[in-house]
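Asks: I'd like to ask you about the structure that follows.
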Amino acid sequence: MSLIVLIKTKEGYVLSGDSRLSFSCDRSKHTDNTYKVFCYDNRIGIAYHHFADINGKQLDVILDEFLKAERKLLPPFDLVCDLREYICKLKCNQNTFFYVFGYQEDECKKFYFNLAEDNEIYEYKNSRYVTGGQDDVALDIIAKTYNDGLSIEDAVIYIDKIFEETENVDDRVGGEIDLLHISPKFGARWLRRK
């Protein structure tokens, strides 16, 4: 499982994800070295949560291959369409969510699809934050304390708190947290990458 959090700040959005890979046959076994947040063309963030493999191949490897494939420069919606087509070719029907976040003009576009559902692409409209995975604790913290006037530095501290409090109650979330800043002015840049 995992936790994905995207929050709006004064200077764009920060996308974050943990690195825990839990094994479905034995939840007490896990590793903390997988990637769940990715960057496309220094402009767009991609993340996933739930199952960490498709047909025995880790999703971080699959997403790396997808991102290395040659393609023309794509806006967020076209990229999520390409990603869905690429993943669906693997012929897998499992409960795994994929997210694509990036600016098109001055608006952050936020899309997702789930392999286990209808594979439709959905858009988050007017959302200041998005969470996915083991997000009960994150949603509780955000509901009580979030404001979108955070600086990037304060957003990093805030996100670290969300992940720490979640990990304290759910062992399916843990390990290092990758943080990607996505802004209309500078595109996407890593704030922290393991």
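The values are calculated or read from the model by the stated rules, or taken from the named source; none is laboratory data. Please read these numbers as outputs of a predicted model, since none were measured by experiment. Ideal geometry is used to build each Cβ from the backbone, glycine not excepted, and the neighbour counts take in all protein chains shown. Areas reflect the complete protein model, heavy atoms only, side chains present, ligands, DNA and RNA absent. Shrake-Rupley method; radii C 1.70, N 1.55, O 1.52, S 1.80 Å.
Asks: Just wondering, is there one or more residues in the range 118-130 that are free of Cβ contacts under 8 Å to residues at least 24 places away in the same chain and at positive phi?
Replies: Looking for residues that are free of Cβ contacts under 8 Å to residues at least 24 places away in the same chain and at positive phi, one finds at least one in the range 118-130, hence yes.
Asks: Something else: Given (1) in a strand (DSSP E or B); (2) modelled with pLDDT under 95; (3) surrounded by 12 or more Cβ atoms within 10 Å (Cβ to Cβ); (4) out of contact with any Ser or Thr (no Cβ under 7 Å at 6 or more places or on another chain), identify the lone condition not met by residue 28.
Replies: Answer for residue 28: the failing condition is (3).
Asks: Something else: Of the numbered conditions (1) closer than 26 Å to residue 185 by Cα; (2) surrounded by fewer than 17 Cβ atoms within 10 Å (Cβ to Cβ), residue 46 fails exactly one; give the number of that condition.
Replies: Unmet for residue 46, out of (1) closer than 26 Å to residue 185 by Cα; (2) surrounded by fewer than 17 Cβ atoms within 10 Å (Cβ to Cβ): (2).
Asks: Let me ask another. Exactly one of these conditions fails for residue 175: (1) surrounded by fewer than 20 Cβ atoms within 10 Å (Cβ to Cβ); (2) at positive phi; (3) not aliphatic (A, V, I, L, M). Give me its number.
Replies: (1)
Asks: Which residue is nearest to the chain's Cα centre (by Cα), if the candidates are limited to the range 83-106 and must be farther than 20 Å from residue 182 by Cα and of a type in the set (D, E, K, R)?
Replies: 84
Asks: What pairs come out if I take residues in the range 61-72 that are under 16 Å from residue 34 (Cα atoms) and pair them with residues that are charged (D, E, K, R) and open to solvent by less than 40 Å² (accessible area, probe 1.4 Å) whose C-beta lies under 8 Å away, six or more apart or interchain?
Replies: Going by the 8 Å Cβ cut-off, there are no qualifying pairs.
Asks: What are the residues in the range 168-182 that are outside any loop (DSSP other than H, G, I, E, B) and either modelled with pLDDT under 95 or more than 18 Å from the chain's Cα centre (by Cα) (or both), if any?
Replies: Passing the criteria: 168, 169.
Asks: Can I ask one more? Out of 140, 106, report the one residue that is open to solvent by 40 Å² or more (accessible area, probe 1.4 Å) and either modelled with pLDDT under 95 or of a type in the set (A, V, I, L, M, F, W, C) (or both).
Replies: 106
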